[in-house]
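K.L.:
This is the structure I want to talk about, given as structure tokens.
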Ligand code: ME8
């Protein structure tokens, strides 16, 4: 039997200090599209997201809200859980770091690192930024603040340390031996140069507050929130149980993260795992940062875009499409309403929507609302069908590099080719003169639309499903196994009455003024 194809991918677990905004939604959306792609491509997928609930930052947010940390985390974590139905995420699990399965995994990881001689007790004195939950060297401070702009405070206490300084060479060897581990390339270079410049041992416990996982055999210490947080990827797989998901899914295929937390994922995390004698994940991809109409999104500017706002205004699938199409994945980019409307009206309404609408309406009118019968194929027919059949290989390669915008570009090249074909073949003009040729051209177009709809499913699940409904493609024929001639539409299949799927966005009312 062929080895099972499995794929385990994760989002960061989000801090429960605030409600989710479009930045959080973006990371999870990219993972959702990839998870859906892999399932359609025959993989058994585990797609994990969740919330990061310990540490000083969360404890302070609870204090500010005037509630105990558990009440606070229960409340805010729910907002992130509720995002799944709002954004139509298909995550298989949602982990909270306050769950018992998580504490157990953290303690086991700690014990293994300790048993292997990589944890020791010492005294820490240095600068700590609660907002980043990170330590900084004196030499890294800029005008008395962290390089990220976060406030730092002097911090001195007895802590457990991890011997990170010993992991410089093993990490460099690991990056060398695993060229796919860290992407995109610019981030890889950044991390290699950071590690090459030398690493210091890392303080990994706290005694000054209690909101965390207790250190095994020394419960006056709690674990540093990043050891705790990173371990979520294993606790959700059932570690340390050797059976079940852990055996089937570890090492994870992909941790998707924002560029702000790449150091934790590509330096600390593989070092912790190697120290515990465990296998690091296969890949970490760090994407870029969204700004809002040119400005950084922040609490002080109160300019966070929420997914709910966007969806209310533009609809879910157009928002999903825009976010993954507009930015080259990996780069920073700017959100603007103007760009959003342009994508909706051009790519979706004019290009794909109009193609489907024109073709399906003609089939409905001129082919008795049934899949037409194709006759002999011309060179132009063969060319368009070959483009449709060739999409999977290209799109798959782009998904495997997390280049979602390029995958969509490849699909829209075929949309463009199909629209040119409609204009050239002008099937509506053949109704009287050459109905057989008209039927063939409409069949070729319907087949092309079937391919486009199947491949658009990961990014726009609802709209693609409606397109496939209009082509009477049964549920069982919607995986990528149905791409190509083997799953071709059958002549004579009755089709439902066509309806528009991607309406143009027309600004009206006060939103128009706010939108710009
Ligand atoms: O860092 N643009 O959680 P967090 C794009 N708990 N992505 C953005 C963004 C923006 N403007 N703002 C946030 C933490 N993100 C830790 C993670 S993982 C073991 C622990 C996304 O709530 C991006 O993915 O601060 C970033 O890495 C993440 O939200 C940070 O979420």
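The values are calculated or read from the model by the stated rules, or taken from the named source; none is laboratory data. Since the model is a prediction, treat every value here as computed from it, not as a measurement. Positions of Cβ are backbone-derived with ideal geometry, glycine not excepted, and every protein chain shown enters the neighbour counts.
K.L.:
Of the residues 25, 4, which is within 16 Å of the ligand (Cβ to nearest atom) and either closer than 26 Å to residue 299 by Cα or touching a strand residue (DSSP E or B) at 6+ places or on another chain (Cβ under 9 Å) (or both)?
P.N.:
The conditions single out 25.
K.L.:
In addition: Looking at residue 17, is it within 10 Å of the ligand (Cβ to nearest atom) and either surrounded by fewer than 19 Cβ atoms within 10 Å (Cβ to Cβ) or free of Cβ contacts under 8 Å to residues at least 60 places away in the same chain (or both)?
P.N.:
It is true that residue 17 is within 10 Å of the ligand (Cβ to nearest atom) and either surrounded by fewer than 19 Cβ atoms within 10 Å (Cβ to Cβ) or free of Cβ contacts under 8 Å to residues at least 60 places away in the same chain (or both).
K.L.:
Would you mention how many residues in the range 228-263 are within 16 Å of the ligand (Cβ to nearest atom) and over 30 Å from residue 401 (Cβ atoms)?
P.N.:
The qualifying residues number 1.
K.L.:
So is residue 216 surrounded by fewer than 21 Cβ atoms within 10 Å (Cβ to Cβ) and either at negative phi or within 16 Å of the ligand (Cβ to nearest atom) (or both) or not?
P.N.:
Taking the combined requirement at face value, the residue satisfies it.
K.L.:
Just to check your reading of the model, which residue among 420, 466 is closer than 17 Å to residue 501 by Cβ and free of Cβ contacts under 8 Å to residues at least 40 places away in the same chain?
P.N.:
The match here is 466.
K.L.:
When the residues of the range 129-186 are narrowed to those that are under 24 Å from residue 286 (Cα atoms) and assigned to a strand (DSSP E or B), which ends up nearest to the ligand (Cβ to nearest atom)?
P.N.:
In this case the residue turns out to be 134.
K.L.:
Can you find even one residue in the range 308-329 that is within 15 Å of the ligand (Cβ to nearest atom) and on the phi > 0 side of the Ramachandran plot?
P.N.:
Within the range 308-329, none of the residues are within 15 Å of the ligand (Cβ to nearest atom) and on the phi > 0 side of the Ramachandran plot.
K.L.:
Residue 59: away from the ligand (no atom under 14 Å from the Cβ), farther than 26 Å from residue 288 by Cβ, touching a helix residue (DSSP H, G or I) at 6+ places or on another chain (Cβ under 6 Å) and at pLDDT below 95, yes or no?
P.N.:
no
K.L.:
Here's another thing I want to ask about it. Looking at (1) under 27 Å from residue 319 (Cα atoms); (2) surrounded by 21 or more Cβ atoms within 10 Å (Cβ to Cβ), which one does residue 363 not meet, given that it meets all the others?
P.N.:
Residue 363 satisfies every listed condition except (1).
K.L.:
Can you confirm whether the range 267-276 contains a residue that is assigned to a helix (DSSP H, G or I), surrounded by fewer than 19 Cβ atoms within 10 Å (Cβ to Cβ), more than 16 Å from the ligand (Cβ to nearest atom) and in contact (Cβ under 8 Å) with a residue 12 or more places away in the chain?
P.N.:
yes
K.L.:
Which residue, of 121, 109, 141, is in the same structural domain as residue 202 (by TED's automatic domain parsing) and touching a residue at least 60 places away in the same chain (Cβ under 8 Å)?
P.N.:
Being in the same structural domain as residue 202 (by TED's automatic domain parsing) and touching a residue at least 60 places away in the same chain (Cβ under 8 Å) holds for just one of 121, 109, 141, which is 109.
K.L.:
Hey, can you tell me all the residues within the range 35-47 that are surrounded by 24 or more Cβ atoms within 10 Å (Cβ to Cβ) and in contact with a helix residue (DSSP H, G or I) (Cβ under 7 Å, 6 or more places away or on another chain)?
P.N.:
Across the range 35-47, the qualifying residue is only 37.
K.L.:
Continuing with this model, one more query. Residues in the range 45-55: is at least one within 16 Å of the ligand (Cβ to nearest atom) and assigned to a helix (DSSP H, G or I)?
P.N.:
So far as the range 45-55 goes, no, none of its residues is within 16 Å of the ligand (Cβ to nearest atom) and assigned to a helix (DSSP H, G or I).
K.L.:
Strands (runs of 3 or more DSSP E) wholly in the range 278-381 with at least 1 residues that are more than 22 Å from the chain's Cα centre (by Cα), in the same structural domain as residue 418 (by TED's automatic domain parsing) and without any contact (Cβ under 8 Å) to a residue 60 or more places away in the chain - which ones?
P.N.:
So the answer is none; nothing clears 1.
K.L.:
Right, here's the next one. Of all the helices (runs of 4 or more DSSP H) wholly in the range 403-516, which have at least 2 residues that are modelled with pLDDT of 95 or more?
P.N.:
404-425, 435-456, 461-470
K.L.:
Looking at (1) within 15 Å of the ligand (Cβ to nearest atom); (2) assigned to a helix (DSSP H, G or I); (3) surrounded by fewer than 20 Cβ atoms within 10 Å (Cβ to Cβ), can you tell me which one residue 108 breaks?
P.N.:
(1)
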